[in-house]
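Please read the structure below before turning to the comments.
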């Protein structure tokens, strides 16, 4: 896994159900960049992300991790913005400063305020320290995802959204939204209260870049039940 010769310019250390890794897969696909996926199973044998070889790549012991030659990039938002700066076409950010601020705010709403509360290590801590059973963890997840999606839906009413979160081309906010909606559906949160968001999610998933990044299409995804 770690240290093997790369087949492509980019190597993505990935986990099929990681929403942070999902974002990077979408961004790579939208940019038309080929990459090699190297799965890091977050549950097997206590979590492969804690193995010394992987820890040497990412001391935080999280996915994703993107390697390009001798360069190691961590944190999904930083990775996506790096790809945007090094491969500016097609753009994931608007040309105007106000538009970029709006899109980044939508993206950070998910990346900074929603996603951390549902991170695997947070759920594991809820279980080990506070005795949260599966039902309690599900309630926790639905509460925080709903709070975030309600705010996201309200922001979409400002008139700047089109077919996608900002206008009629997919961008950074969509890259963050789609994996979060996947999490919402996984935790059985209904989407009827978020009609704008729901429509944008559907539009995104008409694009091969989003479909190819879907968790169930990853090489480490378990076979359908």
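See the values below:
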read-out: Sites residue 220 and residue 98 - FRET efficiency at Förster radius 45 Å, r taken between beta-carbons, to 0.05; value: 0.65
read-out: Among beta bridges that DSSP assigns inside the chain, antiparallel share in %, nearest 5; value: 55 percent
read-out: Relative contact order for the stretch 10-90, counting Cα pairs under 8 Å that sit 6 or more residues apart, in percent; value: 36 percent
read-out: Rg and Dmax of the chain, Cα atoms only, in Å; value: 17.3, 49
read-out: log₁₀ of I(q)/I(0) at q = 0.13 Å⁻¹ - the stretch 10-90, Debye sum with one point per alpha carbon; value: -0.36
read-out: Over the stretch 97-211 - Rg/Rh using Cα atoms and the Kirkwood inverse-distance radius; value: 1.01
read-out: The stretch 97-211: relative contact order as a whole-number percent, Cα under 8 Å and 6+ apart; value: 31 percent
read-out: Taking the chain and dividing mean pair separation by its residue count, relative contact order in percent (alpha carbons under 8 Å, at least six apart); value: 23 percent
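Any read-out appearing in this document is the output of simple, stated calculations on the displayed coordinates, not a laboratory observation. Just so it is clear, the structure is predicted and the values come from calculations on it, not from any experiment. Every residue, glycine among them, receives a Cβ derived from its backbone with ideal geometry; neighbour counts consider all protein chains shown.
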